[in-house]
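The values are calculated or read from the model by the stated rules, or taken from the named source; none is laboratory data. A quick note: this is a predicted structure, and the numbers were derived from the prediction, not measured. Here the Cβ positions follow ideal geometry from the backbone for every residue, glycine too, while neighbour counts run over all protein chains shown. Surface areas here come from the heavy atoms of the whole protein model, side chains and all, with no ligands, DNA or RNA. Shrake-Rupley method; radii C 1.70, N 1.55, O 1.52, S 1.80 Å.
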Amino acid sequence: MVDVILGLQWGDEGKGKIADYLTPKYDVVARFQGGPNAGHSLEFEGKKFVLNTIPSGIFHKTTTNVIGNGVVIDPVRLFQEIDRFIAEVPDYADRLLVSKKAHLILPTHRIVDAALENAKGDKKIGSTLRGIGPTYRDKTGRHGVRVGDVLLPDFKARYEEARDRHLEQVKWLEYTDFDLEKEEAEFYAALEQLKKLQLINSEYFINKCIKDGKKILAEGAQGSMLDIDFGTYPYVTSSNTITAGVCNGLGIAPKHIGKVYGIFKAYCTRVGSGPFPTEDFGEEGEWLRKQGNEFGATTGRPRRTGWLDLVALRYTCMLNGVDELIMMKSDILCGSDKIRVCESYKIGNETTDEVPASLVESGVEAVYTNLPGWVGPLNYAEGFDNLEGTFKDYIQYIENAIDTRIKIISLGPERENTIVR
Ligand code: IMP
């Protein structure tokens, strides 16, 4: 069976920590979509690591890590990422498998990303500028360059054909702010390192693991509200971030999907542009940003902050078939005398429990309920039953509203700061 862990909001829910926490239970951890736009932060033994493309199981000696076909890989960034943790895991390459079908992010994909964002003026998506969108576009346009291609004798010609096509577009967009010579040199150097990794047909590997009864965890990136089909289009990423993406992104049949863990923060954040119905532009939003240290793990950008959106959470639980909820960063809300949760949306004179087809155009307004806050600190050592009453009421309130159990509650960044009910 393949269990799934994914974010239910706009990303940055804390998937890295929980995937790392769950990893010891699994033989294999696999990434199925996204790329170095992700930033999964892991903290243990006083050390902090940010993973972008590598699955969160890399720090566990007995876990095999797979970068699946649905992922887009920037070889330069991949080895920068590996350099950050290689002292901790010198034998990482023994436990890292990379799909030959994963698409490569070329230097010119990043340049096209920047050129397109630049041309969008005030309609910018707020892309991470990691080349994600242009790479997925080449994939569906059927002229992408894949990891397995690096082993082919005509790789250089394939690369140059793609590069020249991208440069035409960049020229047309009148974008000149790049140094391709330098980037190409780094790219070719990284490809030599990539060739030394275990490049495989990962769909065969994963399906064999399923057959052998191994336990597999599929680790999502970004969040369900950034899904290309169901997110706040067009302010979304370019892949299917929901459970359905696991089948495409790893090459497994739906019947092999096991438990789905959905992660959400006790409040909401978003980076980049796009609709965010519960955004708090005032002092409380600023308080959430400071308390929660809400600055991007990948880009360092300040995140937009706001309150828990139950309409969106219900929607993403439905889309993903969430079995168990995991609530992150509960400790951040300590000390607030009132906590707001969005129950429904108001559009004109109507209220609705549904996320409209286009959140961008609908002009929704969040309808809130105020709940009493809690003082804290929330002491995980004492277990759930001994936690402060108003905090337990908040948990209960969400469980009733979403009709799903909150199984794990995180009270801080360290592995130990976690309550499993
Ligand atoms: P892209 O995926 O870089 O094209 O960015 C598209 C949108 O998704 C932008 O608003 C990004 O800020 C957002 N985004 C992409 N990756 C992440 C992530 O890992 N966490 C949160 N937001 C993300």
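Taken about its Cα centre, the chain carries a charge dipole of roughly 1100 debye when the Cβ of each Lys and Arg holds +1 and the Cβ of each Asp and Glu holds -1. Distances between every pair of Cα atoms in the range 103-194, grouped in 10 Å steps from 0 to the bin holding the largest one, split as 16, 51, 28, 5, 0 percent. Amide H contacts under 5 Å for Lys265: Met328, restricted to partners 5 or more places along the chain or on a different chain, H placed in the peptide plane at 1.01 Å from N. Amide H contacts for Thr64 (H built 1.01 Å from N in the peptide plane; partners 5 or more residues away or on another chain; cut-off under 5 Å): Val28, Val29. The phi-based Karplus calculation (6.51 cos²θ - 1.76 cosθ + 1.60; θ = phi - 60°) puts the 3J(HN,Hα) values of the range 148-163 at x, 5, 5, 8, 8, x, 9, 4, 4, 5, 4, 4, 5, 4, 5, 4 Hz, whole numbers, x for Gly and Pro. Of all lysines in the structure, those lying under 26 Å Cα to Cα from Lys120, and not within fewer than 8 positions of it along the same chain, are Lys139, Lys171. Heavy-atom accessible surface of the range 215-274, averaged per residue, reaches 28 Å², computed with a 1.4 Å probe.
Normalised by the number of residues in the range 23-83, the average gap of Cα pairs under 8 Å and 6 or more apart makes the relative contact order 42 percent. Helix content alone sets the calculated 222 nm mean residue ellipticity of the chain: runs of n ≥ 4 DSSP H residues at -39500 (n - 2.57) each, divided across all residues, give -9500 deg cm²/dmol.
Taking all Cα pairs closer than 8 Å and separated by 6 or more residues, the relative contact order of the range 265-420 comes to 24 percent.
Whole number please: convex hull volume per residue of the Cα set in the range 263-419, in Å³?
Output value, Cα hull per residue: 123 Å³.
Annotation: amide H of Ser336 within the under-5 Å range of Trp374, sequence separation 5 or more or interchain, hydrogens built in the peptide plane.
Within the straight-line cut-off of under 17 Å between alpha carbons, the aspartates and glutamates reachable from Lys346 are Glu279, Asp280, Asp309, Glu354, Glu361, Glu365, sequence neighbours fewer than 8 places apart in one chain being disregarded.
Need the list of lysines near Lys211 for cross-linking: C-alpha distance under 23 angstrom, and skip anything on the same chain fewer than eight residues off. Within the straight-line cut-off, Lys211 pairs with Lys25, Lys61, Lys100, Lys101, Lys255, Lys259.
Would you give the gap between the C-alpha center of the range 97-116 and the C-alpha center of the range 172-214, rounded to a whole Å? Distance between centres, Cα-based: 8 Å. The charge dipole of the range 281-421, taken about its Cα centre with unit charges on the Cβ atoms of Lys, Arg (+1), Asp and Glu (-1) only, comes to about 380 debye. Across the chain, the relative contact order, built from alpha-carbon pairs under 8 Å that are at least six residues apart, equals 20 percent. Annotation note: GluC sites (Glu not before Pro) in the range 161-266 located in DSSP loop regions with a Cβ neighbour count of at most 10 within 10 Å are Glu174.
Under Stokes-Einstein, with the Kirkwood radius over Cα pairs as Rh, the value for the chain at 10 °C and 1.306 mPa s is 72 µm²/s. Each Lys and Arg contributes +1 and each Asp and Glu -1, all at the Cβ; summed about the Cα centre of the range 103-194, the dipole is approximately 500 debye.
To put it simply, the accessible area of the chain at a 1.4 Å probe is 50 percent carbon and sulfur. Note: the range 135-242, Cα convex hull, 162 Å³ per residue. Over all distinct Cα-Cα pairs of the range 1-131, the Kirkwood formula returns a hydrodynamic radius of 15.7 Å.
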